[in-house]
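> Structure below; questions to follow.
The values are calculated or read from the model by the stated rules, or taken from the named source; none is laboratory data. Note that the structure is predicted; figures quoted are calculated from it, not measured. Every residue, glycine among them, receives a Cβ derived from its backbone with ideal geometry; neighbour counts consider all protein chains shown. These accessible areas exclude ligands, DNA and RNA; they are computed on the full protein's heavy atoms, side chains included. Shrake-Rupley method; radii C 1.70, N 1.55, O 1.52, S 1.80 Å.
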Amino acid sequence: MMLNGGYGERQGTHMTKRTKNIVFASLLLAVLGVLLVLANVVRAQTGSPALSYNETSYDVQVLDNGNTRVTMTLDYRLGKRESSKTWKQLYRTIPLSPGAVTNVSVDSVRNLSTGETYTQGDPVDASLSSDATWDAQHARQWYIATQGDMLRSYDPRTDGVRAGSSQSIQKNVEIGWNIPVTKSAKSVRIEVTMTLAGMVTACQGNDVFNWQPVDETNDSPIRRFSATVRFPQAVDAENSTMWVHYDGKSTTEYRDGMFTFGIDNVRTKSYVQLTAMLPEGSVARPARTDTASGSQLNEQERQRETKWRSEQQSSARGLLVVFVMLLLAAAVIAAIGMRFVFKQGERRRRLEAIMPYWRGLPPISPGAAALVYDTVNGVSTDRRLIGRQLSATMLSLVTKGFARMYPGTVDMYGGIDLLRTDAATLARMVASRGGGRDAGTTSTIVLLPRAFDMAACRRQLCMSERAALDMLHAVGRQLNSVVFDTKQCAQCLKDDGTAQELSQSFHGRCVAEMGELGVFPKRAMGARVCGILSYACAFLAALIWLWRAGGVLLPIVIVVVAAPVAGVQLMGQTQYDVDERGMRLAAQVRGLGRYLEDFSHFADRGVLDVKLWGRYMVYATAFGIADKAMAQLTAAYPQLTDPAWASTGDDYSLVYWMDRSFRRGHAHGGGLRDGVPMVGDFVDIGARFAVGFGDVAQVLSAASGAFSGGSGGWNSRPGAGWGGGGR
């Protein structure tokens, strides 16, 4: 009964199914990984405060007299605020102290988005004005004030701080501008021109310029920061040194007496500071004199830079080590998992070598055969397994003469003697009544006298078939009838509470029958565990790179590459193991499935194949390929479309009922020949008879429980810097 030739170009359908599962799992993991990576990016962006900066740019001119003229352009992004609050007032804070900026005066404020030049007004509390009052009386004005319990107007002529004073004096000067009432805006560009005093200190051998435009209290992220600083003509790249203090990456350029630096994505709670060592005497009237040596200050800055670079290198190396170790762990675990997968693949190749096709019936029950078939074809899990097992076992009882099955509910057959009426007559009777209700979703079961012959049951039925028959007996006793449909069966099992016991008995007997023939329910979880762990390591590596390095492309590449490897490990291995003793049995089961799918391609099939077809369809149902098997049978034997031929004799009645569809014949309004509904397609037995067992299977399953670059700086100790915000 073994076939080794006759059809050599067949593509394994279950290999295709396994491949589809692998592709689906790989795509699912890849999409899930990419979405999670992007979700982290979006979360970081959406976590920003309502007020942020698209860009801040500064044009700074250090004057010969020691003052500094600053033009700052602030490009705000104003998000929606809580409780329907609106934006009315934006401001910057400049701290004054004897050792830093000592005075500030504002020359002009312009709204570049509207082209308006604001006029000076008095400081007001924006929260005390309604929207209408604000726009009418206060909008389009700027103010300068000293912060405190309340804003007080600041006069640059009298309110400055004396440079170099020994007194501990600290003032926070607020420069604000009142914009028209705004709910939200993607861009509001404000230009402020002002003059600052006290930013240059004379030291021994150098003049030192200190400027901190962003301080560590900053709560508003800046997408792009840029500054251009112009020094007096005596300053050039040969006689000066510039130090940018920032804990991230910055770019710098020094040309023609101008020092330019830029930073992308200035984070909140970060500060930016520029320290410039200028030639002694380059500024005619520096704000103060310090006894410190310029060379000492330079050395301190270099030491800070060295320390910062060392810290950055250590951090980068640590990140790289963790990143590489996680990727290496993912690769090693994946290699171990692939070894399990290849081992299973080698077993399948051995099965192919033993017998490509098998024409006979395997010496195993249909319920156990379903498990073996999944094993040898690499199907790890199938939620329809118990349905296939039950359906095939019930059909086995039909082919052995212990029961009969008909499509539809039991009330379709009222008044008909289902024990004595042949298939063709029964079809005509049901059709004449306009039958066919639920023919595709419910099946009617008839227990024959042999089902109550205990001796015959022990002699002709295996353990799992007896367990299925016990289930039917239990339902029959509850209903006090030998005729019932699958809906009634499922309801009785649910109401009686015996579903768990019957499910465990049926499944246990299927597993025991496997073990007796050398196939064991040993879970092969190695590849699956490796797939999960390898993908988890790769995904964690991607997140670490995203959080620390900030690039999103490499994390996406990592999760996309890791996904198919994990998919193969998750879906390319079996749930049950097969030892050497069971190899021949497994080969027979697999070969029979291939034979049924390719039946019409064999030229040497005989009448015996048709006589065996009732049993063939039992196993085709167990394998989940009954629709393909029926298509092959009808391609080989077109005479099956003749109801008079197909319904003669018990050997053909099962095939006959597979072909007939009362429901479809009635829906199509005809197609009758000799009073029998005729439909030209053949339907999967699982969708004809066995679909009704989906209700039963559901009850049983539920019961059983079934780093920095450029010449950028370092994180040195910050001084008092500029802040800002909005109201």
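> Farther than 23 Å from Ile222 by Cβ, under 51 Å from the mean Cα position of the chain (by Cα) and not acidic (Asp, Glu), is that true of Ala139?
Taking the combined requirement at face value, the residue satisfies it.
> Let me ask another. Cβ-Cβ below 9 Å, separation at least six or inter-chain, first residue in segment 615-639 and open to solvent by less than 10 Å² (accessible area, probe 1.4 Å), second part of a loop (DSSP other than H, G, I, E, B) and of a type in the set (Gly, Ala, Ser): which pairs?
Between residues of segment 615-639 that are open to solvent by less than 10 Å² (accessible area, probe 1.4 Å) and residues that are part of a loop (DSSP other than H, G, I, E, B) and of a type in the set (Gly, Ala, Ser), the close pairs are Ala622/Ser365.
> Residues that are in contact with a helix residue (DSSP H, G or I) (Cβ under 9 Å, 6 or more places away or on another chain) and either of a type outside the set (D, E, K, R) or open to solvent by 30 Å² or more (accessible area, probe 1.4 Å) (or both): list the strands (runs of 3 or more DSSP E) wholly contained in segment 195-245 that include at least 3 such residues.
Once the strands (runs of 3 or more DSSP E) in segment 195-245 are filtered for at least 3 residues that are in contact with a helix residue (DSSP H, G or I) (Cβ under 9 Å, 6 or more places away or on another chain) and either of a type outside the set (D, E, K, R) or open to solvent by 30 Å² or more (accessible area, probe 1.4 Å) (or both), what remains is 241-245.
> While we're on this one: Can you tell me which residue within segment 449-464, out of those that are part of a helix (DSSP H, G or I) and in contact with an Asp or Glu (Cβ under 7 Å, 6 or more places away or on another chain), is most open to solvent (accessible area, probe 1.4 Å)?
Met463
> Tell me, yes or no, whether segment 83-90 has at least one residue that is crowded, with 19+ Cβ neighbours inside 10 Å and of a type in the set (D, E, K, R).
Yes, some residue in segment 83-90 is crowded, with 19+ Cβ neighbours inside 10 Å and of a type in the set (D, E, K, R).
> Something else about it: Modelled with pLDDT of 85 or more, assigned to a strand (DSSP E or B) and touching a Leu at 6+ places or on another chain (Cβ under 7 Å), is that true of Ile190?
So Ile190 passes the test.
> Are any residues in segment 137-157 open to solvent by 20 Å² or more (accessible area, probe 1.4 Å), under 20 Å from Ser113 (Cβ atoms) and part of a loop (DSSP other than H, G, I, E, B), and if so, which ones?
His138, Arg140
> Right, Ser127: assigned to a loop (DSSP other than H, G, I, E, B) and open to solvent by 60 Å² or more (accessible area, probe 1.4 Å) or not?
no
> Would you point out which residue out of Leu28, Leu35 is at pLDDT 75 or above, over 29 Å from Gln212 (Cβ atoms), exposed (fewer than 13 other Cβ atoms within 10 Å of the Cβ) and not basic (Lys, Arg)?
Just a single option satisfies the conditions, and that option is Leu35.
Okay, residues lined up against (1) closer than 16 Å to Leu96 by Cα; (2) touching a Ser or Thr at 6+ places or on another chain (Cβ under 9 Å):
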position: Asp159; (1), (2): yes, yes
position: Ala163; (1), (2): yes, yes
position: Val173; (1), (2): yes, yes
position: Trp177; (1), (2): no, no
position: Thr182; (1), (2): no, yes
position: Ser187; (1), (2): no, yes
position: Met194; (1), (2): yes, yes
position: Met199; (1), (2): yes, yes
position: Ala202; (1), (2): no, yes
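> Among the residues of segment 537-573 satisfying the criterion of being in a loop (DSSP other than H, G, I, E, B) and surrounded by 24 or more Cβ atoms within 10 Å (Cβ to Cβ), which is modelled with the highest pLDDT?
Filtering first and then ranking leaves Gly572.
> Then there's this: Give segment 68-99 a look and list any residue that's over 38 Å from the mean Cα position of the chain (by Cα) and part of a loop (DSSP other than H, G, I, E, B), or say none.
Of everything in segment 68-99, those that are over 38 Å from the mean Cα position of the chain (by Cα) and part of a loop (DSSP other than H, G, I, E, B) turn out to be Ser97, Pro98, Gly99.
Each row is one residue, and each column tells you yes or no for (1) assigned to a helix (DSSP H, G or I); (2) hydrophobic (A, V, I, L, M, F, W, C); (3) open to solvent by 10 Å² or more (accessible area, probe 1.4 Å); (4) modelled with pLDDT of 80 or more.
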{"residue": "Ala316", "(1), (2), (3), (4)": "yes, yes, yes, no"}
{"residue": "Leu319", "(1), (2), (3), (4)": "yes, yes, yes, no"}
{"residue": "Glu346", "(1), (2), (3), (4)": "yes, no, yes, no"}
{"residue": "Leu351", "(1), (2), (3), (4)": "yes, yes, no, no"}
{"residue": "Pro363", "(1), (2), (3), (4)": "no, no, yes, yes"}
{"residue": "Ala369", "(1), (2), (3), (4)": "yes, yes, no, yes"}
{"residue": "Val372", "(1), (2), (3), (4)": "yes, yes, no, yes"}
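> What are the pairs with Cβ atoms under 6 angstrom where one residue, in segment 62-78, is closer than 22 Å to Ile222 by Cβ and the other, located anywhere, is open to solvent by 20 Å² or more (accessible area, probe 1.4 Å) and among the aliphatic types (A, V, I, L, M)? Sequence gap at least six, or different chains.
Leu78/Ala185
> Here's a follow-up. Could you check segment 475-502 and list, in sequence order, the residues that are modelled with pLDDT under 70 and part of a helix (DSSP H, G or I)?
Matches in segment 475-502: Ala499, Gln500.
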